[in-house]
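Worksheet: the structure to be examined is printed underneath.
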Amino acid sequence: MVNAGDMNGSGNLMDFLDEPFPDVGTYEDFHTIDWLREKSRDTDRHRKITSKSKESIWEFIKSLLDAWSGWVVMLLIGLLAGTLAGVIDLAVDWMTDLKEGVCLFAFWYSHEQCCWTSNETTFDDRDKCPRWQKWSELLVSQSEGASAYILNYFLYIMWALCFAFLAVSLVRVFAPYACGSGIPEIKTILSGFIIRGYLGKWTLLIKTVTLVLVVSSGLSLGKEGPLVHVACCCGNFFSSLFSKYSKNEGKRREVLSAAAAAGVSVAFGAPIGGVLFSLEEVSYYFPLKTLWRSFFAALVAAFTLRSINPFGNSRLVLFYVEYHTPWYMAELFPFILLGVFGGLWGTLFIRCNIAWCRRRKTTKLGKYPVLEVIVITAITAVIAYPNPYTRRSTSELISELFNDCGALESSQLCDYINDPNMTRPVDDIPDRPAGPGVYTAMWQLALALVFKIVITIFTFGMKIPSGLFIPSMAVGAMAGRMVGIGVEQLAYHHHDWIIFRNWCRPGADCVTPGLYAMVGAAACLGGVTRMTVSLVVIMFELTGGLEYIVPLMAAAVTSKWVADAFGKEGIYEAHIHLNGYPFLDVKDEFTHRTLATDVMRPRRGEAPLSVLTQDSMTVEDVETLIKETDYNGFPVVVSKDSERLIGFAQRRELILAIKNARQRQDGVVSNSIVYFTEDPPELPPNSPHPLKLRRILNLSPFTVTDHTPMETVVDIFRKLGLRQCLVTRSGRLLGIITKKDVLRHMAQMANQDPESIMFN
């Protein structure tokens, strides 16, 4: 505190804000941060550290520690995210197999681990081994027959219901924020919105546990989206350990952007794809420094997951594939058709899912989340079990659909009629006519495709962790594999057609159906999320094949064009709007010819703007104004007559300042004058201590004139991340425009309900 001198008998004046007090500069829940202020505060902090570093060796070491803290946080995020992803993968593998049977000598082994460690397993019967027993074998000593099938069917459903019920109960009781994908909320948080608890420790713990349960239950959802949320929770936890990040919301968001990259890195084993995903899809502010740190976090996370080796194939993902056949120009046509299918599926899914989620929010359905999860799980399990392509986990299904048919494959999809005279290397098997197994697989895949399309619409958005990447890829992979087999058989039976003659000779390995599955998966994922560059990079990192970039690019671009023709929103933007988050999308264009004066408050006929004056209001006046209004801040003017703008004071900081002044400063009472000037005002003798609040005043609030086009105002809000902007004419205050006013105006211009832009 500073002695400000003696004035008119009022004794010692104190500007108690010369010392910082607790909670200053923090934000309330469900409010937007001020990016410019956070940036300015970090610059001041950095300047102070740099100047102090020249004073002593200890201060120099502290400045080095501060500089390295960012890299330390990235290292910790990568290690924890990679470890959690590995544990989740191992647990999901075991619990998915637990629905069908158990390993007798070590119950914690999955089916594959159990059989590969057994000495009695032969290569031909590698899926059957004495050590692994289905529940019917264990309980009634029968492996075949109707009674064994019914018992296995019943226990499959019971395990699925048990896992799903446990998951939804944990989410509901301990961490309501652990539900959903998490990516819409993370996009909103990274744009500057505060949702306290969304990235908390309980959310991290419950989301990790319930993610294992819901994926194991067999529901049509993936773990990839929620892994981004898990990684961001890790980022939030570690950033709270360093004051550089915990006290600056802008810096914290740089860490969260890098954590999102680490999440995708471990979800798909695609570190570069993760960095591009963070840049293209989730981040709002992404400086070059964050790009390097994201790259490092993604690298450490991928390395950690590779060390754990959850799939036992020395790869980071279950569906890593290698193809040996090049693609041909004539195949671009079916690839583009798959892109069209992906775009149409994306549009259908977004519209139906949003309609269902809106119904859930506005009807009684939303009051029974546990019942909804149980019903959807029961329907999924009952329909999924009879079909071998829906019974297995979705990741295993995608893995099988992506696979090229080698000589050692036992899948139905590889049941071709072989030529007994064939003498070829194992990796170059020529195209062959389809056998009965392939035709059986085709109609089973067709049924599985319809089932997946329908059930995913109802599953995504329930009160459990639910990712969308894997179900979308499964839909595309099934459609792609069927198209691939069709093209392969067409080329085999009609190799003399003009389109096949140049590149497909009899006895040659022309068409790779697995490649079509991969292209279809990319197309459907692109149609739903509207990703392009990051999607292609993720897909080629998955497959390790640079050769197939052009087919993937063609499908991804076609899919985006087709989906954009029906609506510009991806699934995450659609959910942001459904929930009413104040998210100003950088991709949205504003082309209307309105002015700042059309949007600012107060409008004509409304009460005048609530303002503070620089030296004529008492503490009681300020407290009354705060109590009677719910605004986040107040412009400060010279006087109510002149309305010349001085600065802007935040509501939260006014409350904290007055509360602290009453506790720590003698003589501050309700009729003390509050002043925002450098020097105290002239006061009559024996008047109470005035209260100086200049330190909390923002002396350079962002202002525009009343004739500024709204197109410019929207651009300013987007690029500078403003909370509010004051409207003036010749230095005189006219009104204020907040971020929500901008969002409401944009909704109004797009013929939408402006009141939907309210966080609920």
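With all protein chains present, calculate the accessible area of SER217 using a 1.4 Å probe and round the result to the nearest 10 Å².
10
At a Cα cut-off below 17 Å, give the lysines reachable from LYS244, other chains included and same-chain residues fewer than 8 away excluded.
Qualifying lysines at Cα under 17 Å: LYS39, LYS48, LYS52, LYS62, LYS289.
In the chain, if the dipole is taken from +1 on Lys/Arg beta carbons and -1 on Asp/Glu beta carbons about the Cα centre, which of ALA381, LEU595, MET482 is farthest to the positive end?
About the Cα centre, the residue reaching furthest to the positive side is LEU595.
With the dipole of the chain worked out from charges on the C-beta (+1 for Lys and Arg, -1 for Asp and Glu) around the Cα centre, which of ALA260, VAL619, ILE457 lies farthest toward the positive end?
VAL619
Of the lysine pairs in the stretch 596-750, how many meet both conditions: Cα atoms under 25 Å apart, and a spacing of 8 or more in sequence or different chains?
Lysine pairs meeting the criterion: 9.
Answer with one residue from SER610, ALA522, ILE549: the one whose Cα lies farthest towards the positive end of the charge dipole of the chain, charges on Cβ with Lys, Arg +1 and Asp, Glu -1.
Result: SER610, furthest along the dipole toward the positive end.
In debye, nearest 20, what is the charge dipole magnitude of the chain about its Cα centre with +1 on Lys and Arg Cβ and -1 on Asp and Glu Cβ, if you could check?
Working: 72 positive and 75 negative charges, 292 e Å.
Value, rounded to 20: 1400 debye.
Scan the chain and report its longest stretch carrying no GluC sites (Glu not before Pro) that are both in a DSSP loop and have at most 15 other Cβ atoms within 10 Å.
With GluC sites (Glu not before Pro) excluded where exposed in loops, the chain gives 410-588 as its longest stretch.
Explain nothing, just compute: Karplus ³J(HN,Hα) = 6.51 cos²θ - 1.76 cosθ + 1.60, θ = phi - 60°, for every residue of the stretch 691-701 in order, whole Hz, x for Gly and Pro.
10, 8, 10, 5, 5, 8, 7, 7, 7, 10, x
Cα to Cα, under 19 Å, and not fewer than 8 places away if on the same chain: which lysines meet these conditions relative to LYS361?
The reachable lysines, counting only those whose Cα sits under 19 Å from LYS361, are LYS463.
Place a point 7 Å from Cα of VAL454 in the direction of its Cβ. Which residues in the stretch 368-399 have their backbone N less than 20 Å from it?
Label zone hits: 372-392, 394.
For the Cα atoms of the chain, what angle does the longest principal axis make with the long axis of helix 35-52, in degrees from 0 to 90, nearest 10?
Approximately 80 degrees, to the nearest 10.
Convert each backbone phi in the stretch 658-666 into a coupling constant with the Karplus relation 6.51 cos²θ - 1.76 cosθ + 1.60 (shift: θ = phi - 60°), then list the ³J(HN,Hα) values in order as whole Hz, x for Gly and Pro.
5, 4, 5, 5, 4, 7, 10, 10, 5
What lysines does LYS568 reach when the alpha-carbon gap must be under 19 Å and sequence neighbours fewer than 8 apart in one chain are set aside?
Within reach: LYS187, LYS560, LYS587.
Counting only the backbone N, which residues of the stretch 210-241 are under 16 Å from the spot 7 Å out from the Cα of SER411 toward its beta-carbon?
Inside the label zone: nothing.
Leaving out ligands, DNA and RNA, what percent of the accessible area of the stretch 178-318 is carbon and sulfur, probe 1.4 Å?
66
Measure off, as a whole percent, the carbon and sulfur share of the 1.4 Å-probe accessible area of the stretch 596-750, all protein chains present.
Ligands and nucleic acids excluded, carbon and sulfur give 46 percent.
Would you work out the relative contact order for the chain, in percent, from Cα pairs under 8 angstrom that are 6 or more residues apart? Intermediate values should be presented prior to the final figure.
Details: 1367 pairs, mean separation 116.3, N = 760.
About 15 percent, as a whole number.
Nothing charged except the Cβ atoms of Lys and Arg (+1) and of Asp and Glu (-1): what's the magnitude of the dipole of the stretch 598-754 about its Cα centre? Round to the nearest 20 debye.
So the magnitude is around 480 debye.
The values are calculated or read from the model by the stated rules, or taken from the named source; none is laboratory data. Treat the numbers as computed from the prediction; the structure is a model and nothing was measured. We place every Cβ from the backbone using ideal geometry, glycine too, and count neighbours over all the protein chains shown. For accessibility, only protein heavy atoms count, side chains too; no ligands or nucleic acids. Shrake-Rupley method; radii C 1.70, N 1.55, O 1.52, S 1.80 Å.
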